[in-house]
């Protein structure tokens with residue numbers, strides 16, 4: 001609020017301790033540029049911030065080695081900034097519709 005009385009000026013967000021403020025996805029070659037950009041953006045926010053480089057692949061919950069292994073096995077499919085997982089339960093028709101690449105080499109009987 002500006003002054004003792006009046007309406008709030010601008011918009012704010014309530015942030016908890018340990019809450020993620022920004023997430024950036026970039027190539028490994030541009031990692032140093034992203035870290036520098038986040039370091040400079042820290043001056044625009046009050047309080048203390050940490051820059052943490054994740055061990056996960058992009059915004060997925062998978063570690064880098066695990067993502068590469070699952071991708072080679074054909075068990076994940078790229079879906080924008082995330083991935084879709086091949087599940088071995090549920091109806092076969094829905095799985096084929098959702099993940100057709102996994103069933104291309106299966107012979108039709």
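The values are calculated or read from the model by the stated rules, or taken from the named source; none is laboratory data. Just so it is clear, the structure is predicted and the values come from calculations on it, not from any experiment. Every residue, glycine among them, receives a Cβ derived from its backbone with ideal geometry; neighbour counts consider all protein chains shown.
Sub-7 Å Cβ pairs linking a first residue in segment 5-32 that is in a loop (DSSP other than H, G, I, E, B) to a second residue that is loosely packed, with under 10 Cβ neighbours inside 10 Å, at least 6 apart or interchain, are 8/1; 9/1; 9/2, ordered by first then second residue. Within the option set 90, 80, 47, 74, being in the same structural domain as residue 19 (by TED's automatic domain parsing) and either on the phi > 0 side of the Ramachandran plot or surrounded by 13 or more Cβ atoms within 10 Å (Cβ to Cβ) (or both) holds for one residue only, 47.
Among the residues of segment 90-97, none qualifies, meaning not one is more than 30 Å from residue 13 (Cβ to Cβ) and touching a strand residue (DSSP E or B) at 6+ places or on another chain (Cβ under 6 Å).
In segment 2-13, is there at least one residue being surrounded by 10 or more Cβ atoms within 10 Å (Cβ to Cβ) and either more than 30 Å from residue 101 (Cα to Cα) or in contact with a helix residue (DSSP H, G or I) (Cβ under 7 Å, 6 or more places away or on another chain) (or both)? No, every residue in segment 2-13 fails to be surrounded by 10 or more Cβ atoms within 10 Å (Cβ to Cβ) and either more than 30 Å from residue 101 (Cα to Cα) or in contact with a helix residue (DSSP H, G or I) (Cβ under 7 Å, 6 or more places away or on another chain) (or both).
Within segment 81-92, one or more residues are outside any loop (DSSP other than H, G, I, E, B) and more than 30 Å from residue 24 (Cβ to Cβ).
Going through segment 28-44 one residue at a time, which ones are surrounded by fewer than 11 Cβ atoms within 10 Å (Cβ to Cβ) and either farther than 29 Å from residue 70 by Cβ or within 13 Å of the chain's Cα centre (by Cα) (or both)? Listed by number, the residues that qualify are 40, 43, 44.
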